[in-house]
Amino acid sequence: MLDVDGDMEDFRVLIRHLEMAYRGLDAVFTANGLASSTLPPSDVHLRESVDGRYMYLECFSHKSLPFGMRATTEAIWEHFKGVEKHCGAGSLYKKAAKNLDEPYTIIENFTKELYADTSRADIKVKQVVRRYVETDRDVVIWVARVAPAEIKHKLLRGFTYYLRGYAVTKRSPDSTPGQELSEVQQCSLISLDRDAHMKLDTTDLHSLTNFLVVNTAQNIRSHRTAFLQFLMAFLQEDDASFEAALSFLDEFASSTSVASPSCWGAINQDPRASESGESSTPHSTTRSRHEAGGKTQLSEDDKERRRAEFNEKRKLLRKAGVYGDANKARKERAQEIAHLREEAEKLQIDLQILQTQRRATDDNQSTEGEKKEEEKEGGNGALINGNKGSMWQGLADQQRRRRQEAERDNVLLRLAVERQRQVANSMTRQMQRRAAQLTNECASLVTTAPSSHHFNVVDFHGDLEGFRGLFRRLDDAYRNVDNVFMTNGLAGMTISPVDVHVHEGADGKSLEFVSYKVLPFDVRATAEATWVHFKAVDKHLAHGNLYEKAEKGLDEPYTIIADFKKEVYSNSSRADIKVKQVIRRYVEEDRDIALWVSRAVPIEIKHKILQGLTYHLQGCAVTRRSSESTPDREVSVLQLCYLVSLDQDDVRCDNTNLQALINFLAATTKQNIQAHRERIENALIDQSITIGHRQDI
């Protein structure tokens, strides 16, 4: 959703522009000819005008569609309130949208790439879209403020412009009582600040104008194509559902002819025709209509009767649990092409017959007035049928182009995939041969003994005064374990397992990392493996190199202090740090806790990220019995929690370096948690294998 707290003032300005655009709709359509539909259909027209300090580039178009007005208006609003409107002549990067309390009003904030021919431009757009439902028409208006973010070829650098668009749907004057047609009128206006564009030279201004005009015209065409695709898909679903219903009833009636013949007679027979004994099934009605004269137009009574029959049959289908053809997805393209081709051929034949009759009527000048009236009506009918034929022919051509483009793209994709597969197989074979060659060359130099890291850990003989603060922090951390686990979700294990989750502190200078995993080992073995890992040297070897270390076990049970130097790294960054650490184990009745606190001071920094900055690290590893345990099989849970905090008195870096530091510490800590978990799991698995071998022996 869109957060408009800081941007609402900009949207208020756009809403005022939207209301002005709605009030000026009739004036704009009268000026460009859309009000009277005197323009040739389908094409996109261009007009330039000047109003005060603004220069307008106007692109407009209209087209008649062989669909009802209600279906067309819903398709247009679904298009303009969704994301598809941005995909015409550009690529959408990101978008945020919000519906306002006012009906049919959406505000949007998005970033996208525009392209026209070879030019590209990245733009940031704030836009308001609103729908106006009137008595005789449906209007969708949008206004937008466009600010270039990054320009290829330097066409729009620093140049802001406004965009206003209209999409008006109304009933076509070519509609008949038997067939309603709709008319879609589109208009887009680009307003340029004259004071701003006067700063451009003639060449840049011409390039800018061409770029905006080409892109806007492409958008208008893509909008229109999207409307038609939506409407054609809706029409195909209706036709396929009707055909599936009829075919099912034919099959079901033939298989159950011995049961309830009176019921089927009541469904398949017209009540008025039953008195005279005539059958009125869809097949017989269609056949008698063709035998009577080849006319395909149905009367109002026939339509009402067929609608009632279809409703009755649909009820039976729903009771039987059948709602459509199972092969609709496979057949719909072939059915669509065949249907459109048949309609185009029929309309073409009707047009030729009517044109022949009209020419014969024109040659006979002595015809009476009544015949002239009939000829006029016939001529008007021919014109309407011709308009319908051209509409369907255009739709058929468009669908044919879509199918050809899809088939061509499928062939290209199959070829590309095959080439990539061949390349991948070839590279795999080469890598396998190279690996085998290197293995043979180095076989004599590789030892089979397991490698291990050896470090000389000396006893600590320094002053314990530097660890007093760490002991206080350790006691505070132990007292707050339950509160911390309750806050981050580990107490109830409400977070997802295995993954490492990161939480940022309210001050912006602390990070918390939490993770847990269920292990198929008993609690005692898991607790011992965890303590052995954290009291040993292995915990330092996850993502870094240990230089030197001195440690000492205190008289208190399970307490170790350590002073060491090591290198930590994350991606391409490196840092050498000096660390003082205290680690202690707490054995409780229902859980085992390993807790440690550290103070890290950088001593040498690569890339100067942590120079002179001190931070504190607090870690906790809790082992307890899992709720998934059974009397026969005990399962344990390992919970890890890290808290990294910056020294509040030692923050001397700017925001950029502070963000780099936080990213560095976050990546390093996350890698350490994953490494700790893997090493503890490996130790438990090795221990289980060793115990199994001993039992076998």
The one condition in (1) surrounded by fewer than 19 Cβ atoms within 10 Å (Cβ to Cβ); (2) in contact (Cβ under 8 Å) with a residue 24 or more places away in the chain that Arg70 fails to fulfil: (2)
The lone exception for Arg633 - which of (1) surrounded by fewer than 20 Cβ atoms within 10 Å (Cβ to Cβ); (2) within 30 Å of Phe471 (Cβ to Cβ); (3) at pLDDT 85 or above it fails: (2)
Cβ pairs under 7 Å, 6+ apart, first in region 24-37 and free of Cβ contacts under 8 Å to residues at least 40 places away in the same chain, second surrounded by 14 or more Cβ atoms within 10 Å (Cβ to Cβ): Asp26/Ala35; Gly33/Leu39; Ala35/Phe29
Output for region 158-191, where each listed residue is in a strand (DSSP E or B), of a type in the set (Gly, Ala, Ser) and over 14 Å from Phe227 (Cα atoms): Gly165, Ser188, Ser191
Test: Arg421 is assigned to a helix (DSSP H, G or I) and modelled with pLDDT under 85: no
Flag for Glu48 being modelled with pLDDT under 80 and either outside any strand (DSSP E or B) or in the same structural domain as Ala167 (by the TED database) (or both): yes
Filter result (among the small types (Gly, Ala, Ser) and in a helix (DSSP H, G or I)) within region 9-30: Ala21, Ala27
Which numbered condition Glu78 misses (of (1) within 23 Å of the chain's Cα centre (by Cα); (2) over 20 Å from Arg171 (Cβ atoms); (3) at pLDDT 80 or above): (2)
Matching option when the condition is touching a Leu at 6+ places or on another chain (Cβ under 7 Å), outside any loop (DSSP other than H, G, I, E, B), of a type outside the set (Ser, Thr, Tyr) and modelled with pLDDT under 80, among Gln398, Gln393: Gln398
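Could you count how many residues in region 92-124 are in a strand (DSSP E or B) and without any contact (Cβ under 8 Å) to a residue 24 or more places away in the chain?
5
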Condition check for Glu19: over 28 Å from the mean Cα position of the chain (by Cα) and at pLDDT 90 or above: yes
Selection within region 101-114 - within 21 Å of the chain's Cα centre (by Cα) and of a type outside the set (A, V, I, L, M): Glu108, Asn109, Phe110, Thr111, Lys112, Glu113
Test result for Leu610, surrounded by 16 or more Cβ atoms within 10 Å (Cβ to Cβ) and at pLDDT 80 or above: no
Any hit, region 146-165, residues being of a type in the set (S, T, N, Q), assigned by the TED database to the domain that holds Thr72 and modelled with pLDDT of 80 or more: no
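The values are calculated or read from the model by the stated rules, or taken from the named source; none is laboratory data. This one's a predicted model, so the numbers in the text were calculated from it and none came from an experiment. In this analysis, Cβ positions are derived from the backbone assuming ideal geometry, glycine residues included, and neighbour counts consider all displayed protein chains.
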